[in-house]
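What follows is calculated from the coordinates using simple rules that are stated; it is not laboratory data. Source: prediction; values computed, not measured. Positions of Cβ are generated from backbone atoms using ideal geometry, with glycine treated the same way; all protein chains shown enter the neighbour counts.
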Amino acid sequence: MSGLQLRAGGVQRASHPDQSMVGIEIPSVMISLSEPPSIEDINGNFIPNTSRWRIKVEAKTETTRKVLGVLLTIPPSSGADTNRVIGIGTCPGAISWDIQAELIAGSNGPLSEAILDLASSPCCGLGGLVPTSYATLEPAPAILFSDVVGPNPLLIPDGTRVISIAAVAGPAGGTIGLIPGITIGIPANGSFRIDPQFMIGPLSITFTGIARWIVERSG
């Protein structure tokens, strides 16, 4: 895969190879990141590069797609080399690899940029995603659910990222309050799902007239 240019502003995606070759297995992949040690601000001053990236790694086989895990990179300002391998993924039977990358809140913001590279290999070991010393592995998401509305409001702790929210309204319809001033209406017996990109706690999510809901969050 030619380098994927990473910038602030949403999720960026890439696949390796760019087009799957059915029947040809590439069960291992090496993930590399290149970024400058410092960043020039709007005043022409060079500041330490504190950018951190969240990189989700998925493997595709002939029959399914599997999430191996999520890497959280360590920035150059914390001593990481500017050109480095951040993780190695292995999935027996994989024929292609998909990457989703986004900037973690609190980084250098719109000034942040990096190049992400993937290199595949026919060798294979035990399945999984292994970070190098230049990244950490994000804990598996926690899935909270209720067949009868439970905690209300649902409190999302400080620093916790909301990955998805899904709900089914009751016979009279219902609403979901996401943040102050933003309420989602759902018609009677209707369903709703959202995969927010930048919802990070502390948050309070309220459910009114909802029969069932599922919230997936980090950690």
Among GluC sites (Glu not before Pro) in the range 9-114, those in a DSSP loop whose Cβ has at most 12 other Cβ atoms within 10 Å are Glu62
Take the alpha-carbon centre of the range 10-69, take the same for the range 108-122, and report the distance between them in whole Å. 5
When N is the residue count of the range 4-137, what does its C-alpha Rg come to as a fraction of 2.2 N^0.38 Å? 1.09
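Compute the length gained on full extension between Thr64 and Ser204: take 0.36 nm times their separation in residues and subtract their Cα-Cα distance, giving the result in nm to one decimal.
Between Thr64 and Ser204, full extension yields an extra 46.9 nm.
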